[in-house]
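Here's the structure we're looking at; comments come further down.
The values are calculated or read from the model by the stated rules, or taken from the named source; none is laboratory data. Here the structure is a predicted model, which is why all the values come from computation and not from measurement. Because the Cβ atoms are built from the backbone with ideal geometry, glycine has one as well, and the counts that use them run over all protein chains shown. All accessible areas refer to the heavy atoms of the entire protein, side chains included, with ligands and DNA or RNA removed. Shrake-Rupley method; radii C 1.70, N 1.55, O 1.52, S 1.80 Å.
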There are 2 protein chains.
Amino acid sequence: MRKVYFAGSIRGGRQDAALYGDMIAFLEERGCLVLTEHVGLESLQTEGERTMTEEEIFQRDMAWLTESDLVVAECTTPSHGVGYELARARDMGKTVHIFYDLGRGRLSAMLAGDDRFILHPYLSKEEVFKALDHIMSES
Amino acid sequence: MRKVYFAGSIRGGRQDAALYGDMIAFLEERGCLVLTEHVGLESLQTEGERTMTEEEIFQRDMAWLTESDLVVAECTTPSHGVGYELARARDMGKTVHIFYDLGRGRLSAMLAGDDRFILHPYLSKEEVFKALDHIMSES
């Protein structure tokens, strides 16, 4: 079973939480194990997880990132954590797919300019799922 | 002359640009060369630098990060680029100081939980400059 690390904003803002949830559900329907499934829960608010310390969250997420076969990130809402995770993932040699809504601001030059990332700009949700479908069928 | 890489949000939002400028000016007054001085310019808006390609900005910033002696980041406004830069900096073994306003949301667990970072939570600008003064006098 393919293990996916899905990265999306938590403390940076939850305005795209429903989209994260839909992307995660799509990956799961395609037989992936999404290690960070909680990122798509609309019940998870910007205060983040309250039952773990910062160090515990960090250690768990880094273990999941290390264990993952593939990283999928939704980068429309700015997030320090997601930027951090993507840099660590590329330094681990992971394949990283970055999605962002072209109609809502510009992607960071640190992500757009790093040729180790695979970029998926989109203008509609249909394009997101079409690209995810393509990723799932080719890899 | 000590070379500082100052990291602050550009495309993630410019609401703290004036603070970035004041922090950069403080470091320069203390004799540092701030490689990323443009981050503090209020004329620089969220569209970022328009005269360079994404790849050129990325390559320049990574060269500056590699060259720097010290990294100082203001992390109140969420930013993919800043999160990316801090992860790359820690993987390069740089000393990284992270400032954030305790009164405006929570710092990402990826930054708060990584013990390689030195955190400077603050509640007033006075605390920011006091901490910068301490960093300058000790290192």
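Odds and ends about this structure:
- B:S68 being open to solvent by 60 Å² or more (accessible area, probe 1.4 Å) and either basic (K, R) or away from chain A (no Cβ under 11 Å) (or both): no
- Within segment A:22-61, the residues that satisfy the criterion of being touching a residue at least 24 places away in the same chain (Cβ under 8 Å), part of a helix (DSSP H, G or I) and closer than 19 Å to B:R106 by Cβ are A:V39, A:D61.
- Residues that are in contact (Cβ under 8 Å) with a residue 12 or more places away in the chain and basic (K, R) within segment A:75-108 comprise A:R88, A:R90, A:K94, A:R104, listed in sequence order.
- Looking across segment B:82-105, the residues that are under 15 Å from A:E85 (Cβ atoms), open to solvent by 10 Å² or more (accessible area, probe 1.4 Å) and not acidic (D, E) come down to B:R88, B:R90.
- Only residues that are within 15 Å of the chain's Cα centre (by Cα), within 14 Å of another protein chain (Cβ to nearest Cβ) and among the acidic types (D, E) were counted across segment B:1-50, and they come to 1.
- Any chance A:T53 is more than 13 Å from the chain's Cα centre (by Cα), among the β-branched types (V, I, T) and over 23 Å from B:Y84 (Cβ atoms): yes
- Qualifying residue in segment A:77-84 (condition: within 14 Å of chain B (Cβ to nearest Cβ), polar (S, T, N, Q) and either outside any helix (DSSP H, G or I) or on the phi > 0 side of the Ramachandran plot (or both)): yes
- Identity of the residue in segment A:106-138, assigned to a loop (DSSP other than H, G, I, E, B) and open to solvent by less than 80 Å² (accessible area, probe 1.4 Å), that ends up nearest to A:L19 (Cα to Cα): A:S124
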